[in-house]
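Q: This is the structure I have questions about; it appears just below.
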């Protein structure tokens with residue numbers, strides 16, 4: 001048992017004497033007897049570091065990680081390679097162990113990272129203002145909807161069915177608090193139905209929420225969708241995957257007011273879903289409605305360049321019930337990984353990565369749709385992910401593939417009953433042609449076996 | 001320029017004064033007045049960029065090299081690449097290593113930041129979180145292939161529920177503020193399920209700012225409850241404001257003054273008698289683990305700050321996690337999915353699953369299962385400490401706080417920095433700098449800045465709002481007596497120095513990478529990105 005403490009019996013006695021009490025229990029005398037906890041917590045006894053390591057190592061070994069199979073799972077988090085320097089830099093104590101930069105004189109490293117990060121996000125999204133990050137992707141979408149509510153007070157929010165199901169569910173949860181209603185814009189042919197959006201729009205719509213590329217992997221025509229929304233004065237929100245933004249026109253150039261998204265793909269681990277970071281960028285007019293921390297440049301009393309947390313009058317610790325959000329921390333360490341990763345990719349590297357993904361994804365889409373029993377779910381342009389429909393029960397097919405060491409992707413049926421045997425397949429730079437060929441082979445066999453099984457059973 | 005002159009003197013002075021414990025700020029201040037770090041002008045990575053430099057090498061294109069505009073219509077493609085930096089790996093590593101040294105960090109020095117529980121971060125936690133079975137596990141991996149992760153989450157749920165004294169736990173919220181959001185939405189769902197529309201939420205005037213901010217986001221009106229002369233909730237005021245329109249009282253206990261509210265049972269009764277829920281802001285749980293449980297105090301909903309009591313590296317402000325524990329009556333509404341255990345019928349042992357079938361659930365508040373990497377670290381902590389260790393951690397946190405308070409009550413300090421409420425404190429305490437400001441002419445901010453020259457991160461300043469010139473001090477259990485003594489001595493030294501010459505503290509710090517920064521100018525004309 002360790003509590004990572006250093007107090008010796010002698011220390012304790014000296015300290016109690018200085019305080020003027022005779023026992024540690026005296027320090028807890030203020031707790032009324034009725035609520036004093038008078039038994040031991042029902043938890044296992046503590047144990048030495050090596051035994052805790054062994055226990056957690058054994059638990060971790062029960063999981064099938066992206067090292068244990070060839071994985072084509074994506075649907076919001078992707079198996080990109082993380083360069084070693086990200087690990088080195090994020091594990092430096094100077095970045096790992098401080099807190100929010102409340103004292104800017106001794107937090108310049110952290111604040112400068114925020115400033116550089118904000119610049120990178122601003123470049124990626126084509127929007128002038130970025131905060132220092134929020135929790136993660138879907139909650140960032142929820143935070144953007146609150147910004148829209150603050151901006152125009154309108155109650156109707158329209159969200160595309162192409163937005164990640166977790167983002168849509170988060171929006172539904174939060175709408176109860178915001179006093180807004182969520183209505184779904186249908187998909188048509190794998191993209192947001194522009195005609196349907198136009199019919200739903202009116203001057204009481206406060207926000208139109210889209211995703212780029214959408215959950216089915218399709219590149220949306222954001223310009224057309226945004227233009228329709230703008231005619232009615234709605235705030236246009238797009239949740240974006242930052243890697244494809246290396247080759248896709250940035251949302252800020254297409255009429256999007258607020259671009260948010262999941263930052264995991266930028267140098268962060270899969271970690272079974274978190275921690276990662278959410279990015280949040282907006283047009284200039286919304287700068288004082290932004291949630292979260294923002295670093296700004298300034299000078300010190302001697303004229304040296306420096307950075308501080310700025311526009312804090314938006315925030316909960318100053319404005320309390322009038323704050324623009326209750327968020328008080330960023331995901332600073334994860335955002336650091338993000339900006340280091342983007343620096344590693346560099347200006348050309350991000351483009352080259354996007355091009356490689358687009359070509360391999362096109363190859364994979366062709367290879368899979370050539371299989372008997374696999375058809376494309378849509379024919380829209382894609383960058384890193386695409387959807388197909390199987391002529392066999394998808395969950396059973398996935399299980400068969402996993403037995404062969406290949407995870408073919410995400411079953412769409414849970415979130416999209418209309419695509420009950422849909423499969424969403426993600427490509428990263430770690431999935432090469434040979435692995436894609438192996439996926440096609442394993443998937444083909446699994447479908448054939450499953451159809452055979454059905455015939456035999458029939 | 002008199003400011004500069006006194007700065008010079010003070011810098012020399014500071015150099016002589018640096019204590020043994022000082023790690024971050026070392027060496028003498030050179031006669032030029034600038035430290036090496038101060039001479040190292042801040043340049044961003046964008047300013048070190050040069051066209052054609054690179055670190056990343058893209059894998060070879062092993063598939064048909066189709067022109068991009070044949071794959072994606074040209075209108076959707078980017079015309080100009082994002083202006084990311086162009087640097088080689090050595091420069092990238094050096095840049096971030098150098099700027100990292102412009103941070104103060106917990107590994108290097110004492111960080112008594114009140115309400116933030118800056119306790120040691122065991123390095124075992126980083127190792128187990130990085131195991132490929134954890135760090136390389138995709139969040140949509142099937143339950144049957146993620147049994148270790150689900151078992152860990154299930155066990156953590158149980159442990160947190162036991163510590164809170166409330167049986168049902170959701171790990172999903174990503175931070176304390178996110179847990180609060182969950183808690184108030186749960187309250188709303190609970191009342192609405194009973195057909196009861198309520199309009200107000202009570203928060204004490206000592207509350208963390210996140211409490212009222214959350215209440216507004218959830219569509220309730222904030223009603224403030226006063227504080228009594230002992231630092232607890234003003235019961236008369238609470239009785240007057242508790243009516244059938246009140247949905248919830250959000251409370252921190254021990255509160256932000258570091259005091260345990262001895263009237264907690266009465267408070268719970270008043271709140272429950274009007275049908276409202278009682279919400280526990282768990283920011284201060286580090287004082288009472290294994291000593292008193294929010295559930296036993298009458299709370300319905302609790303959030304934990306795993307990054308505080310259950311030690312996570314604070315990362316410069318995130319990541320953390322804010323799981324919640326709730327009572328039976330709130331359980332039907334808890335976020336989904338939940339991790340559940342199903343006993344197998346064939347004797348294979350338990351199976352763990354994500355349960356989405358929760359019809360009354362408020363739904364999700366984020367993607368996937370929550371900050372799993374944070375769960376791994378906190379679970380490792382709970383397994384290392386066990387029941388006894390957790391209790392001991394709280395006991396020593398309270399002992400350290402009271403000892404430091406006793407040291408700061410000594411002559412030379414107490415007359416300028418009196419404790420705001422003179423009682424036994426819990427894990428933190430509040431001093432008021434009002435006499436210091438009046439008698440010595442230095443403000444709490446000046447004291448904080450001068451502490452930087454002594455190699456300490458200052459306590460939380462100007463919170464809680466109730467106390468004039470407040471200084472909120474939380475030493476945590478992982479600091480030694482020697483560190484606490486040295487810190488108390490530094491405070492006494494600064495006050496003695498201010499008595500002789502207040503301008504020294506007024507212009508501090510001197511030895512930090514930059515000195516006081518113009519925050520007003522930053523807010524007036526915000527420069528929030530590098531112009532490129």
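FYI, it's all coordinate maths here, none of it is from the lab. Computed from a predicted structure; not experimentally measured. Ideal geometry is used to build each Cβ from the backbone, glycine not excepted, and the neighbour counts take in all protein chains shown.
Q: Among B:95-103, B:300-308, A:404-412, B:337-345, how do they line up from the highest to the lowest mean number of other beta-carbon atoms within 10 Å? Can you show the working numbers first?
A: Working: B:95-103: 21.0, B:300-308: 28.1, A:404-412: 22.8, B:337-345: 14.2.
Going from most to least packed, we get B:300-308, A:404-412, B:95-103, B:337-345.
Q: Quantify how strongly other chains surround peptide B:113-124 by giving the mean number of their Cβ atoms within 10 Å of each of its Cβ atoms.
A: Values: counts 5, 0, 0, 3, 1, 3, 3, 5, 4, 4, 4, 6.
For peptide B:113-124, the averaged partner shielding equals 3.
Q: Something else: What number, in nm² with one decimal, is the all-direction average of the projected area of the convex hull of the alpha-carbon atoms of the protein assembly as shown?
A: On the way: hull surface 154.8 nm².
Over all viewing directions, the protein assembly as shown projects a mean Cα-hull area of 38.7 nm².
Q: Could you calculate the contour length gain from residue A:62 to residue A:430, that is, 0.36 nm times the residue separation minus the distance between their Cα atoms, to one decimal place in nm? Mind dumping the intermediate values first?
A: On the way: separation 368, 0.36 × 368 = 132.48 nm, distance 2.34 nm.
Gain in length upon complete extension: 130.1 nm.
Q: Based on other C-beta atoms within 10 Å, arrange B:417, B:71, B:152, A:27 from fewest to most.
A: Working: B:417 25, B:71 19, B:152 28, A:27 22.
Taking fewest neighbouring Cβ atoms as first place, the list is B:71, A:27, B:417, B:152.
Q: P(r) of region B:429-498 in 5 Å steps, Cα pairs, percent per bin?
A: 3, 17, 27, 27, 17, 7, 1
Q: For chain B, what log10 I(q)/I(0) values come out of the Debye formula at q = 0.12 1/Å, with one point per alpha carbon and no solvent?
A: Those come out to -1.23, one per q.
Q: Please report the relative contact order for region B:216-311, taking Cα pairs under 8 Å with a sequence separation of at least 6, and give it as a percent rounded to a whole number. All intermediate terms of the calculation are to be shown ahead of the outcome.
A: Values: 126 pairs, mean separation 23.0, N = 96.
24 percent.
Q: Measure out, as a whole number of angstrom, how far apart the alpha-carbon centroids of region B:113-136 and region B:407-471 sit.
A: 31
Q: Going by how many other beta carbons lie within 10 Å of each one, how would you line up A:290, A:182, fewest first?
A: Working: A:290 28, A:182 20.
Fewest-to-most Cβ neighbours within 10 Å comes out as A:182, A:290.
Q: Counting helices only, and only those DSSP H runs with n ≥ 4, report the 222 nm mean residue ellipticity of chain B as the sum of -39,500 (n - 2.57) divided by its residues, in deg cm²/dmol to the nearest 500.
A: Working: 18 runs with 199 residues, N = 532.
Theoretical 222 nm ellipticity from helices: -11500 deg cm²/dmol.
Q: In region B:309-403, how does Rg compare with the Kirkwood Rh, expressed as the Rg/Rh ratio over alpha carbon atoms?
A: On the way: Rg = 17.4 Å, Rh = 16.5 Å.
Result for region B:309-403 is an Rg/Rh of 1.05.
Q: Quick one: work out Rg over Rh on the C-alpha atoms of region B:140-370, Rh as Kirkwood radius. Write down the numbers at each step before the final one.
A: Working: Rg = 17.8 Å, Rh = 18.1 Å.
Rg/Rh: 0.98.
Q: Oh, and also: Show me, bin by bin at 10 Å from 0, the whole-percent P(r) of region A:9-61 based on Cα pairs.
A: Reading the bins upward from 0: 18, 24, 28, 22, 8, 0.
Q: Could you tell me how far the Cα centroid of region B:150-213 sits from the Cα centroid of region B:46-61, in Å?
A: 46
Q: Here is a follow-up. What nm value, rounded to one decimal, do you get for the distance between residue A:81 and residue B:465 when each label is placed 7 Å out toward the C-beta?
A: For the pair residue A:81/residue B:465, the computed spacing is 5.2 nm.
Q: Oh, and also: Can you give me the P(r) profile for region B:376-494? Cα pairs, bins 10 angstrom wide beginning at 0, each as a whole percent.
A: The calculated distribution, bin by bin, is 14, 43, 28, 13, 3, 0.
Q: Would you work out the relative contact order for region A:318-458, in percent, from Cα pairs under 8 angstrom that are 6 or more residues apart? Don't skip to the end; give the middle numbers.
A: On the way: 147 pairs, mean separation 32.2, N = 141.
That works out to 23 percent.
Q: Okay, next question. Of the listed peptides A:159-167, B:267-275, A:257-265, what is their order by residue-averaged count of other C-beta atoms within 10 Å, with the highest listed first?
A: Values: A:159-167: 24.3, B:267-275: 16.9, A:257-265: 29.6.
Result, highest mean first: A:257-265, A:159-167, B:267-275.
Q: Oh, and also: Average partner chain C-beta neighbours within 10 Å, per residue of B:205-214? Please list the in-between numbers first.
A: Values: counts 1, 0, 1, 5, 10, 9, 4, 7, 14, 7.
Mean partner-chain Cβ count within 10 Å for B:205-214: 6.
Q: Here is a further query. Ratio of alpha-carbon Rg to the 2.2 N^0.38 Å globular estimate for region B:216-325, to two decimals, please. Mind showing how you got there, number by number?
A: Numbers: Rg = 14.6 Å, N = 110, 2.2 N^0.38 = 13.1 Å.
Normalised Cα radius of gyration, region B:216-325: 1.11.
Q: Label point 7 Å out from residue A:454 along Cα-to-Cβ: which residues of region A:357-385 have amide N under 12 Å?
A: A:373-374
Q: What percentage of all Cα-Cα pairs in chain A are separated by more than 44 Å? Intermediate results must be reported in sequence, preceding the final value.
A: Numbers: 24294 of 104653 pairs.
Of the Cα pairs, 23 percent sit more than 44 Å apart.
Q: Taking each residue in A:217-230, count the Cβ atoms of any other chain within 10 Å of its Cβ, then average. What number comes out?
A: Working: counts 0, 0, 5, 1, 3, 1, 2, 1, 0, 0, 0, 0, 0, 0.
Shielding by partners across A:217-230 averages 1.
Q: Compute the long axis of helix A:433-457 from its Cα atoms, compare it with the longest principal axis of the Cα atoms of chain A, and write down the angle in degrees, 0 to 90, nearest 10.
A: Compared with the principal axis, the helix lies near 70 degrees.
Q: Can you give me the relative contact order of chain A as a percent, contacts being Cα pairs under 8 Å and 6 or more apart? Don't skip to the answer; put the middle values down first.
A: Working: 832 pairs, mean separation 86.9, N = 458.
Relative contact order here is 19 percent.
Q: Which distance in nm do the two modelled labels at residue B:50 and residue A:313 give, with both placed 7 Å along the Cα-to-Cβ direction?
A: Using points 7 Å along Cα→Cβ, the separation is 4.4 nm.
Q: Can you report the principal axis dimensions of region B:113-205 using only the alpha carbons, biggest first, rounded to whole angstrom?
A: Dimensions of region B:113-205 along the principal axes of its Cα atoms: 48, 40, 23 Å.
Q: Can you pull the one-decimal nm distance between simple spin-label points at residue B:244 and residue B:485, each 7 Å off the Cα toward Cβ?
A: 6.3
Q: How big is the Cα convex hull of region B:268-317 in projection, averaged over all directions, in nm²? Working shown, then result.
A: Working: hull surface 16.2 nm².
Its average projected convex-hull area is 4.0 nm².
Q: Could you give the distance between the Cα centres of region A:382-458 and region A:156-222, to the whole Å?
A: 27
Q: Follow-up. Going by alpha carbons, how many degrees (0 to 90, nearest 10) lie between the helix axis of A:108-125 and the longest principal axis of chain A?
A: In chain A, helix A:108-125 runs at an angle near 20 degrees to the longest axis.
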